[in-house]
Ligand code: AMP
Ligand code: GLY
């Protein structure tokens, strides 16, 4: 099977690392890839904004299957273009990518199908209407710009002042471009978040191990939101009864609604959940795998990912079983200092071989460039240092031991990835 992977981050490196081990994969390409990915796949530069050029590339390379990492090509309709040309692809159609691409579309879908989510206070198309509403609400409330905003379009506002400032950024400063034409205001939910991802072939679906990511830049969940500073997965991350609730109240009704539609949902569907005292509620959908959740998930995969992808493309997912390594995985993201704001790139990275030589450790590259044997930083998120072990505590220690071996100028990482969960687990054992 000749495989093309679209994307160039840590998520795509993890997928390719796993696909390399597949008995089916004979050749892998990646657009645009990165330094780490170039160890396993042939990297091809291309504009991810041009879905026609990507389909031409898949035809020219005679690939048997294309896997899409990031949301933008899906929202642009890459799956429709590939299907139209009879090219096999893992990813939903443009219609269903709107579950991520439009927060209003997602909300209407959830409400229409009775799937639990935060209550909507209103949808507004002008600063004046939004501000009037905000004067009459109790805080906190959540404000969401409608379109894709690279993770920056959501504010949990603690006060009217904060909310009004965000409204200005949306409507007056136009910071969110097209995403800023409509603003959703909703109830703020309390609880722990969980990422629950399923893979669908249009008829059947299989669940991946649940994960939790850490979005804020600094320890203690302080600082600005980022793409993700780390993630973990472990047995018992949620109780059996919560998992049953998630399946019964959220995942199964969603998948049933998608199945009953004329156009099927094929590919990954990511449920961003809040586990509230009234049960799990949907915060957001993503039409793809999470990053860095994927790095933690892939570390636990004890199956042939190539076979599973082939089964999705053939609509035969029922023939597959997903087996997982027991225990836990932890991914710690190392970033260029300053990210998600301004940062420098082009710094030489030391210690990668030593870290990768550790048992149970895999270093996934998110933003690196390779020149011969030397790797340089090339983006905000640089590496996802990922460890697998028997317990969350042990996986966490192993990941941080590996992080200690890696150095580059002005490197930053959080030191508390999975820490709170380890504390809870340790209390449980006492
Ligand atoms: P979203 O892009 O919708 O996932 O929002 C990004 C982050 O904002 C989520 O991961 C949550 O931390 C937070 N968030 C979104 N919606 C809500 C809500 N209704 N209540 C509390 N937090 C929320
Ligand atoms: N880590 C969150 C996301 O991929 O959207």
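The values are calculated or read from the model by the stated rules, or taken from the named source; none is laboratory data. For clarity, every value in this text was computed on a predicted model and none was experimentally measured. Positions of Cβ are generated from backbone atoms using ideal geometry, with glycine treated the same way; all protein chains shown enter the neighbour counts.
The set of residues from the stretch 255-274 being in a strand (DSSP E or B) and either closer than 24 Å to residue 186 by Cβ or free of Cβ contacts under 8 Å to residues at least 40 places away in the same chain (or both) comprises 269, 270, 271, 272, 273, 274.
Just the residues that are under 12 Å from residue 254 (Cβ atoms) and either buried (at least 17 other Cβ atoms within 10 Å of the Cβ) or under 21 Å from the mean Cα position of the chain (by Cα) (or both), please, taken from the stretch 106-125. Within the stretch 106-125, 106, 109, 110, 115, 116, 117 meet the criteria.
Checked against the criterion of being away from ligand 1 (no atom under 16 Å from the Cβ) and either under 24 Å from residue 65 (Cα atoms) or out of contact with any strand residue (DSSP E or B) (no Cβ under 6 Å at 6 or more places or on another chain) (or both), the candidates 291, 261 yield just one match: 261. Checking each residue in the stretch 178-221 for being assigned to a loop (DSSP other than H, G, I, E, B) and surrounded by fewer than 20 Cβ atoms within 10 Å (Cβ to Cβ) picks out 181, 188, 190, 191, 202, 203, 204, 215. Just one of the listed residues (110, 87) is part of a helix (DSSP H, G or I), at negative phi and away from ligand 2 (no atom under 16 Å from the Cβ), namely 110. When the stretch 139-177 is filtered for residues that are assigned to a loop (DSSP other than H, G, I, E, B), away from ligand 2 (no atom under 16 Å from the Cβ), in contact (Cβ under 8 Å) with a residue 24 or more places away in the chain and surrounded by fewer than 17 Cβ atoms within 10 Å (Cβ to Cβ), the ones remaining, listed by number, are 139, 140.
Within the stretch 349-362, residues that are closer than 22 Å to residue 296 by Cβ have Cβ atoms under 6 Å from residues that are part of a loop (DSSP other than H, G, I, E, B) in these pairs: 349/408; 351/406; 355/406, counting only partners at least 6 apart in sequence or on another chain.
Each residue in the stretch 101-127 was checked for being more than 14 Å from residue 184 (Cβ to Cβ) and modelled with pLDDT of 95 or more, and 5 pass. Taken together, the criteria place residue 99 among residues that are surrounded by 19 or more Cβ atoms within 10 Å (Cβ to Cβ) and within 26 Å of residue 366 (Cα to Cα).
Only a single criterion out of (1) without any contact (Cβ under 8 Å) to a residue 12 or more places away in the chain; (2) assigned to a loop (DSSP other than H, G, I, E, B) is not satisfied by residue 397, namely (2). Only a single criterion out of (1) without any contact (Cβ under 8 Å) to a residue 40 or more places away in the chain; (2) surrounded by 15 or more Cβ atoms within 10 Å (Cβ to Cβ); (3) out of contact with any strand residue (DSSP E or B) (no Cβ under 8 Å at 6 or more places or on another chain) is not satisfied by residue 128, namely (2). The selection criterion, being more than 12 Å from ligand 2 (Cβ to nearest atom), touching a helix residue (DSSP H, G or I) at 6+ places or on another chain (Cβ under 8 Å) and in contact (Cβ under 8 Å) with a residue 24 or more places away in the chain, holds for residue 208.
Of the helices (runs of 4 or more DSSP H) lying entirely inside the stretch 275-367, those containing at least 2 residues that are under 30 Å from residue 241 (Cα atoms), modelled with pLDDT of 95 or more and in contact with a helix residue (DSSP H, G or I) (Cβ under 9 Å, 6 or more places away or on another chain) are 293-299, 305-313.
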